[in-house]
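One structure below.
The values are calculated or read from the model by the stated rules, or taken from the named source; none is laboratory data. None of these values were measured; they are calculated from a predicted model. Using ideal geometry, Cβ is built from the backbone for each residue, glycine included, and neighbour counts are taken over all protein chains shown. Ligands, DNA and RNA are stripped out before the accessible areas are found, and what is left, the full protein with its side chains, is counted by its heavy atoms. Shrake-Rupley method; radii C 1.70, N 1.55, O 1.52, S 1.80 Å.
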Amino acid sequence: MHDKYVFQVEGLNFGYPELSIFKDFNTKIEAGKRTVILGQNGCGKTTLLYLLSKNLKRGAGQIHLDDTDIDNISQREFAKKVAMVHQKNLIPHDITVEKLVSYGRTPHKSLVLTKLNDEDQAIMDDAMKVTGIYELRERPVTNLSSGQLQRVWIAMALAQHTDILFLDEPTTYLDVKYQLEILNLVERLNKERHITIVMILHDINQAIAYGDNIIALKKGSLIYEGDKDGLLDEKMLYEIYDTELKISHYENRPFVVTF
């Protein structure tokens with residue numbers, strides 16, 4: 001495998017008894033980039049992310065992380081390489097921010113030795129500081145705003161100390177202010193810490209502004225794969241979304257008109 005790509009998917013098949021989603025599907029994730037997965041509801045975005053993250057087991061085909069099929073990587077070892085922030089998370093009752101973030105260290109602790117050491121604490125502190133929640137570390141997570149809580153989940157993922165971060169619709173249910181805060185944070189993690197980002201977004205303009213590469217799906221098929229500039233084509237957008245969208249410019253920056 002070319003070391004330019006951290007994930008490579010070849011001949012992927014996956015479906016449920018009543019529904020086939022992917023058939024002979026191929027794609028790849030470029031190292032060090034921000035890849036955004038786009039498409040209509042039900043096109044397979046979350047399914048693809050769950051297959052890449054070992055949350056679902058594929059049928060035929062291969063999914064490689066670096067040079068290894070992910071089926072041959074234990075869940076613990078995989079969690080040292082890839083962290084994921086889900087769209088919906090169960091919030092433990094009355095747990096503090098710091099305690100929740102500490103769960104990110106679980107893959108690095110043996111079943112015998114579970115006590116956090118100085119290195120664990122330093123990694124957790126760094127994760128809370130970079131996400132801007134360090135001052136909230138003693139607060140119960142049930143007392144946080146939705147934007148603050150999303151940063152806590154990202155901090156927990158960062159505490160895993162991985163080189164790859166998956167985010168399933170990280171801006172869903174957030175006000176615009178918090179959406180931009182989260183996307184700016186993700187961009188900073190990529191640029192300053194060189195974390196490879198794979199995220200699902202619904203907003204095309206956010207994908208253009210915060211993504212490097214785009215994977216566009218439609219009914220389980222790959223419609224577009226490449227840099228974001230290639231997405232700026234009205235025929236391509238119609239093929240993805242089955243609706244006419246216009247491309248305009250503001251201060252020489254392109255954006256998609258969705259109304």
Checklist entry - Checking Ser146 against (1) in contact with a helix residue (DSSP H, G or I) (Cβ under 7 Å, 6 or more places away or on another chain); (2) among the polar types (S, T, N, Q); (3) closer than 29 Å to Ser74 by Cβ; (4) open to solvent by 40 Å² or more (accessible area, probe 1.4 Å), which single condition isn't satisfied? => result (3)
Next on the checklist: Restricting to segment 1-54, name every residue that is open to solvent by 40 Å² or more (accessible area, probe 1.4 Å) and of a type in the set (Lys, Arg).
Outcome noted: Lys4, Lys23, Lys28, Lys33, Lys54
Checklist entry - When you go through Ala79, Ala83 one by one, which is the residue that is surrounded by 17 or more Cβ atoms within 10 Å (Cβ to Cβ) and touching a Pro at 6+ places or on another chain (Cβ under 8 Å)? => result Ala79
Checklist outcome for this item: Per the list (1) touching a residue at least 24 places away in the same chain (Cβ under 8 Å); (2) within 15 Å of the chain's Cα centre (by Cα), residue check on Val9 breaks on (2)
Checklist entry - Considering Ile164, Ile123, which residue is modelled with pLDDT of 95 or more, surrounded by 18 or more Cβ atoms within 10 Å (Cβ to Cβ), of a type outside the set (Gly, Ala, Ser) and over 22 Å from Arg34 (Cα atoms)? => result Ile123
Item to check | Given (1) assigned to a loop (DSSP other than H, G, I, E, B); (2) within 16 Å of Ala127 (Cα to Cα); (3) at pLDDT below 95, index of the condition Leu149 fails | outcome: (1)
Next on the checklist: Please go through (1) modelled with pLDDT under 95; (2) closer than 21 Å to Ile195 by Cα for Val112 and return the number of the only condition it doesn't satisfy.
Outcome noted: (2)
